[in-house]
Amino acid sequence: MDLKTRLRELFVKNPETPEIVRLIRELARRLGGEVVKIMDFCGTHEWTITSYGLRSLMPENVELIAGPGCPVCVTPGHYVEGLVKLALEGVNVFTYGDAFKLPSVKGAKPRSLAEAKMLGGKVTVVYSFLDAIKEAGKRENEEHVFFAVGFETTMPAVAEPVHNRAIPKNLTVLSAHRLTPPIMRYLLENVREVSVDGIIAPGHVSAVIGYKEWEFLVRDFSIPTVVSGFEPVDVLLAILAVLKCKVEGKPSLINEYVRVVKPDGNLRAKKIINEVFEVVDSYWRGIGVVPSSGALLKEKFVDFDASLRYGIVEKPDFSDVLPGCRCGEVTLGKTKPTSCPLFMKTCTPENPYGPCMVSSEGTCRIWAENLHTILTGL
């Protein structure tokens, strides 16, 4: 769908859109040309911004930047290498579809679980951990590993069966979970090339952890932060709220997603996450080790831990940046996908070279699938 059609759809379905856009432009004008860079930390927000051409509606001094909003994109390549090896040895690997084509840094094939499956490896794509549990229960004479990738949003669905020990003995979990607040702090403290003046905080993550978890962004960095839903109007209202904070000179934490997100989030989900997972320093692909940003199974659940059973452990000195790939820079908001020389050449959605082109939440994948909107709206 081209940009004009997308915008027409947006304005027809949401009659309030023109007034919100007018207010955004008015507040931007009142800032006197001061550039305001607003970063999202969610692949779904980036999809909304890109697919609906919201960047084309922004004044010249308002820039929307994609941040680390894709868990698959930052999953270390050595996890993939370890799982590929297991799959080829006869251990069945359960994976989400988003991680099926995630490449390792090996030069020779198989570089992904998809390629391992083509070579006869045992790989099964599932929609949920529950599906993996059911399937492993049917195949009692085989060993199985579930590749647990995701931010806080997907953690409760893994934590509850582990906590209740409602898992077959032939199934273990490789936890590649990553936590969102630590990467936000890391980016703001360490990535000097990126200037962030406002943040659109992730709605799904906030529904689990609560919007109070973002108070540090205002307290420690004086950055206006808005928790947003995923409709185009939600995102536009979040941008408007950030600009209002800038004009008033009062950085605030605002929950625009009141229909879903509470101050303390989902207390039951957080409780079971804390009972099952231990927070550890973890490696983020293309970025490095981020303090207190990963989650491994606690010692009392060692029987379910695939990392210990099969020796797939964190490698902090591991380099998994492929030659020429700029995914790390894209993930941190240092550059745009269209600035990568591999974008839509060596690296495409059909044949992803880097991790940001693999997942539906990856910035490169989102831009590739909305290329016409991107090129006409830049």
*Every residue from the range 17-56 that is under 26 Å from the mean Cα position of the chain (by Cα), assigned to a helix (DSSP H, G or I) and of a type in the set (A, V, I, L, M, F, W, C)*: TRP47, ILE49, LEU54
*Given the conditions (1) of a type in the set (S, T, N, Q); (2) touching a helix residue (DSSP H, G or I) at 6+ places or on another chain (Cβ under 8 Å); (3) over 30 Å from LEU7 (Cα atoms); (4) not in a strand (DSSP E or B), and given that SER292 satisfies all but one, which numbered condition is not satisfied?*
(4)
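Quick grid of which residues meet (1) without any contact (Cβ under 8 Å) to a residue 12 or more places away in the chain; (2) assigned by TED's automatic domain parsing to the domain that holds LEU102:
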| residue | (1), (2) |
| --- | --- |
| ALA295 | no, yes |
| LYS300 | yes, yes |
| CYS325 | no, no |
| VAL330 | no, no |
_Extreme residue, surrounded by the fewest Cβ atoms within 10 Å (Cβ to Cβ), among residues of the range 259-280 that are in a loop (DSSP other than H, G, I, E, B) and of a type in the set (D, E, K, R)_ = ARG259
*Please state which of the following conditions LYS250 fails to meet, knowing it meets all the rest: (1) in a loop (DSSP other than H, G, I, E, B); (2) buried (at least 18 other Cβ atoms within 10 Å of the Cβ).*
(2)
_Considering only the range 174-194, I want to know if a residue exists there that is out of contact with any Phe, Trp or Tyr (no Cβ under 8 Å at 6 or more places or on another chain), outside any helix (DSSP H, G or I) and not aliphatic (A, V, I, L, M)._
yes
_Of residues in the range 62-71 being in a loop (DSSP other than H, G, I, E, B) and touching a strand residue (DSSP E or B) at 6+ places or on another chain (Cβ under 8 Å), the one surrounded by the fewest Cβ atoms within 10 Å (Cβ to Cβ)_ = PRO71
*asked:* Within the range 45-61, does at least one residue satisfy the condition of being of a type in the set (S, T, N, Q), in contact with a Lys or Arg (Cβ under 8 Å, 6 or more places away or on another chain) and buried (at least 24 other Cβ atoms within 10 Å of the Cβ)?
replied: no
*Could you tell me which numbered condition VAL208 fails, if it satisfies all but one of (1) in a helix (DSSP H, G or I); (2) among the hydrophobic types (A, V, I, L, M, F, W, C); (3) closer than 23 Å to LEU23 by Cα?*
(3)
*Within the group GLY150, GLY67, which residue is farther than 13 Å from LEU171 by Cα, in the same structural domain as ASP197 (by TED's automatic domain parsing) and under 22 Å from the mean Cα position of the chain (by Cα)?*
GLY67
*asked:* Taking the criterion of being buried (at least 18 other Cβ atoms within 10 Å of the Cβ), more than 18 Å from the chain's Cα centre (by Cα) and within 22 Å of GLY288 (Cα to Cα), would at least one residue in the range 180-190 satisfy it?
replied: no
*Somewhere in the range 17-35, is a residue more than 13 Å from LEU243 (Cβ to Cβ), crowded, with 20+ Cβ neighbours inside 10 Å, of a type outside the set (Ser, Thr, Tyr) and touching a Leu at 6+ places or on another chain (Cβ under 6 Å)?*
no
*Tell me, please, whether a residue that is of a type outside the set (Gly, Ala, Ser) and free of Cβ contacts under 8 Å to residues at least 24 places away in the same chain can be found in the range 129-137.*
yes
*Only one of GLY82, GLY69, GLY90, GLY53 that is touching a residue at least 24 places away in the same chain (Cβ under 8 Å), out of contact with any helix residue (DSSP H, G or I) (no Cβ under 8 Å at 6 or more places or on another chain) and not β-branched (Val, Ile, Thr)*: GLY90
_Just checking: which of the helices (runs of 4 or more DSSP H) contained wholly in the range 75-166 hold 1 or more residues that are in contact with a strand residue (DSSP E or B) (Cβ under 6 Å, 6 or more places away or on another chain), closer than 30 Å to VAL261 by Cβ and among the small types (Gly, Ala, Ser)?_
129-138
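The values are calculated or read from the model by the stated rules, or taken from the named source; none is laboratory data. No experiment lies behind these values; they were computed from the predicted model shown. For neighbour counting, all protein chains shown are included, and Cβ atoms are generated from backbone atoms with ideal geometry for every residue, glycine included.
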